[in-house]
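The values are calculated or read from the model by the stated rules, or taken from the named source; none is laboratory data. Everything numeric in this text was worked out from a predicted model, so none of it was measured. Ideal geometry is used to build each Cβ from the backbone, glycine not excepted, and the neighbour counts take in all protein chains shown. The accessibility values were calculated without ligands, DNA or RNA, using every heavy atom of the protein model including side chains. Shrake-Rupley method; radii C 1.70, N 1.55, O 1.52, S 1.80 Å.
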Amino acid sequence: EELIKKPIADIIQDLNDYDRRLFLELPIVEVFNLLHQDTSAENAYFKKYQERFNQLTYYGISILIFQNSITERAKILIKYFGICKQFLSFKNYISLMIFYSIISSASLDFLGRTWARAEEMNSRIIEEFKFYKDLFEPTYSNLRKKLKSDENYKFSAIPCLNIYQRTIWKLKSALFFNKDGKRFVSIDKLKYLEGICTQIENFQQFNSSNS
């Protein structure tokens, strides 16, 4: 019920505070540990992060779907878009992706009349949806560019950890290679991994100095 009754400003404040604390708790060693793990469940920190991500996404979808009227569902959908806009402003990409996962859920594809009513109430909602879709899909490429810009300008952004998980799991197959019966490490891939860790450490530093 909190997502329905609570003002957007209070939701943003609570989740920003929680996400910042959660991000600052990330030990860099856990990033390296992903190289030896195949799922988030094998990593204590990322398991906690993923469970929260899944719980909030499920909670947000359920609240919207189980409303009794199209108008009430439309109002909540519009509120979710307002929440996304605020998280984008605060550069909290963790909760932004959670709420994008809610509004882009396949469960909402069946609510055609709800989307139509929401568009009647907010004519920009489809345009805003396309913006968030371009930010996160298909491979987070635009989000990566945004994070790089935030890092360069020393903004206290809270990065979405999903992009690091995805990148490292893809990286580990190319990090090591065999030649003449010996196992080698790709220096280029190792430097790329170092860049990821440096970016995380920079954002942790920026958030610490601005908290």
Quiz prompt | The lone exception for residue 3 - which of (1) modelled with pLDDT of 90 or more; (2) farther than 13 Å from residue 162 by Cβ it fails | solution = (1)
Quiz item: Just a yes or no: is a residue in region 155-176 open to solvent by 10 Å² or more (accessible area, probe 1.4 Å), at pLDDT 90 or above and more than 26 Å from residue 51 (Cα to Cα)?
Solution: yes
Quiz item: In region 86-95, is there at least one residue being surrounded by 15 or more Cβ atoms within 10 Å (Cβ to Cβ), farther than 15 Å from residue 12 by Cα and within 13 Å of the chain's Cα centre (by Cα)?
Solution: no
Quiz item: Counting just the residues of region 33-75 that are open to solvent by 30 Å² or more (accessible area, probe 1.4 Å) and among the small types (Gly, Ala, Ser), which one comes out modelled with the lowest pLDDT?
Solution: 41
Exercise. Could you tell me whether region 56-76 includes any residue that is part of a helix (DSSP H, G or I) and under 14 Å from the mean Cα position of the chain (by Cα)?
Key: yes
Quiz item: Out of (1) assigned to a helix (DSSP H, G or I); (2) closer than 21 Å to residue 175 by Cα, the odd one out for residue 38 is which?
Solution: (1)
Quiz item: Under 7 Å by Cβ, and 6 or more places apart or on different chains, what pairs join a residue from region 64-77 that is under 14 Å from residue 120 (Cβ atoms) with one that is outside any helix (DSSP H, G or I)?
Solution: 73/67; 73/111
Quiz item: Would you say residue 82 is without any contact (Cβ under 8 Å) to a residue 60 or more places away in the chain and open to solvent by less than 50 Å² (accessible area, probe 1.4 Å)?
Solution: no
Quiz item: Quick one: would you say residue 13 is open to solvent by 50 Å² or more (accessible area, probe 1.4 Å), out of contact with any helix residue (DSSP H, G or I) (no Cβ under 9 Å at 6 or more places or on another chain) and assigned to a helix (DSSP H, G or I)?
Solution: yes
